[in-house]
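Coordinate-derived values only; no laboratory data. Quantities reported herein were computed from a predicted structural model and do not represent experimental measurements. Every residue, glycine among them, receives a Cβ derived from its backbone with ideal geometry; neighbour counts consider all protein chains shown.
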Amino acid sequence: MSPETTDTLEMAIVRSSGLDTLLRDLTDRAVQAVPGAAACSITVRRADRLLTLAGSHGLPSGLDQRQYENGSGPCVQAADTSGEQYSPDLEAETRWPTYTSYALSAGVRCVLAVPIAVEGERGAALNLYGVEVGSLGPGRDAARAFAARVGDAINVALGVERRRESAVDVRAALLSRSVIDQAIGILMAQERIDARIALERLRRVSQNHNVKLRDLCTDLVARTSADDGRGPDRN
């Protein structure tokens with residue numbers, strides 16, 4: 001994926017108020033772009049369980065959930081095996097009997113599930129539903145192209161999330177370092193000792209009282225600031 005594509009996707013995620021909204025838009029576009037598609041959904045694995053992250057307008061409720069509950073169906077198999085699953089006629093399908101019966105009752109006759117490649121993750125698929133026998137056959141190449149677009153969007157969103165988490169970690173580390181340095185300075189002034197000995201004392205108190213060094217130093221700085229704010233006429 002080119003840097004230009006990454007930048008475009010990042011801007012799209014921001015404009016759409018997040019990945020979920022962007023993916024819902026993509027499922028609607030997939031229905032328009034893939035010949036024979038009447039509905040579309042995106043299956044992902046989170047916390048070791050499959051769920052539908054986004055679905056197009058007109059998606060019959062329960063089509064994906066029934067698969068997750070039974071652990072069987074085209075989108076489950078595509079997500080688990082990273083292999084494309086296509087059933088041109090569900091009335092003749094024998095691989096997922098429980099799911100097939102439900103899908104037929106919902107008016108679905110043809111199903112295509114294309115695995116989505118997500119960096120560092122396992123289990124995602126683009127699911128397309130048709131209402132006529134063999135209706136999704138001519139659109140399989142278009143479906144694969146759309147699955148690649150969805151994978152790009154998810155990967156970019158995960159990258160944005162990781163950078164945000166990293167920035168938070170860096171800020172937390174800097175704040176911790178700052179408060180520890182302030183606490184060392186307070187001890188140096190109060191006890192007339194050098195920085196090395198001050199840090200050793202803080203660490204020893206932290207270990208003896210099972211308190212994090214950062215929290216101990218934060219408390220010391222806060223108490224010292226409060227004492228300094230009393231003024232010369234207060235005890």
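Before moving on, here are some points about what is shown:
- Farthest towards the positive end of the charge dipole of the stretch 24-165, among the residues N70, Y99, V150, is the Cα of V150, using unit charges on the Cβ of Lys, Arg, Asp and Glu.
- Taking label points 7 Å from Cα along the Cα-to-Cβ direction, N208 and T21 give a separation of 5.5 nm.
- Calculated on C-alpha atoms, the gyration radius of the stretch 84-135 divided by its Kirkwood radius gives an Rg/Rh of 1.05.
- The simple Förster model, with R0 at 41 Å and r as the Cβ-Cβ distance, assigns A222 and A47 a FRET efficiency of 0.65.
- The stretch 22-102 - convex hull of the alpha-carbon atoms, volume per residue in Å³: 103
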